[in-house]
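I have placed the structure first, in the form of structure tokens, so that the comments after it can refer back to it.
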Amino acid sequence: TQLANGDFLLCGSSSSFDQNDDSRAFIVKTDQHGEEIWRRAYDEFRSVVKVFEEANGSLTAIMIRAEGNFSINDDGAYIVALDAEGNLVSEIFVRNFDIRKAIRSSDGNFVLSGQTSFDTDGCAFTLKVSPSAEILWSDCRGRIENDYAWRLMEDDEGNYLTGGISYRPGPP
């Protein structure tokens, strides 16, 4: 993500930031020339999907705890408020959601896409949430198993387009 001042935020997951075990989420802020300004690793999360800059300079990150493995109650997507230096301020949970893509909608909310197994065996799932994680609407498409919405965009008219994959284990 490029910031208003030209700096960049790089995000994802790593098992190399000062640890030797499972991967964890990270955000690195660099200047316009790629020189590191700060680096933060978040042990309690597995990956950062997207980071958004807010008008006041703070950050909002969409993070996940256990990518693709919803085995415990806190697995899913999180809307995480960070200060301008990447320090955790608060987190809000979106339960049982394997998130693949996040965008800021034209009205200032967030639209998330991925897969869910909440009340289903799994479908391509798109969810619009407010910054406080209030669910504004959700949409489950495809068969009831193994469908993922991996891409997401908003068009000029405020419509959302998703694309992804669908597969079923076993014979064709």
Show which lysines lie in cross-link reach of K128 when reach means a straight Cα distance below 19 angstrom and same-chain residues fewer than eight apart are skipped. K50, K101
Kindly report, to the nearest 10 Å², the accessible surface of W150 as traced by a 1.4 Å probe over protein heavy atoms only. 90
Accessible area of Y78, 1.4 Å probe, to the nearest 10 Å²? 10
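The values are calculated or read from the model by the stated rules, or taken from the named source; none is laboratory data. Keep in mind that what you see is a predicted model, and the values were worked out from it rather than measured. Just the protein is used for accessible areas: all its heavy atoms, side chains included, with ligands, DNA and RNA removed. Shrake-Rupley method; radii C 1.70, N 1.55, O 1.52, S 1.80 Å.
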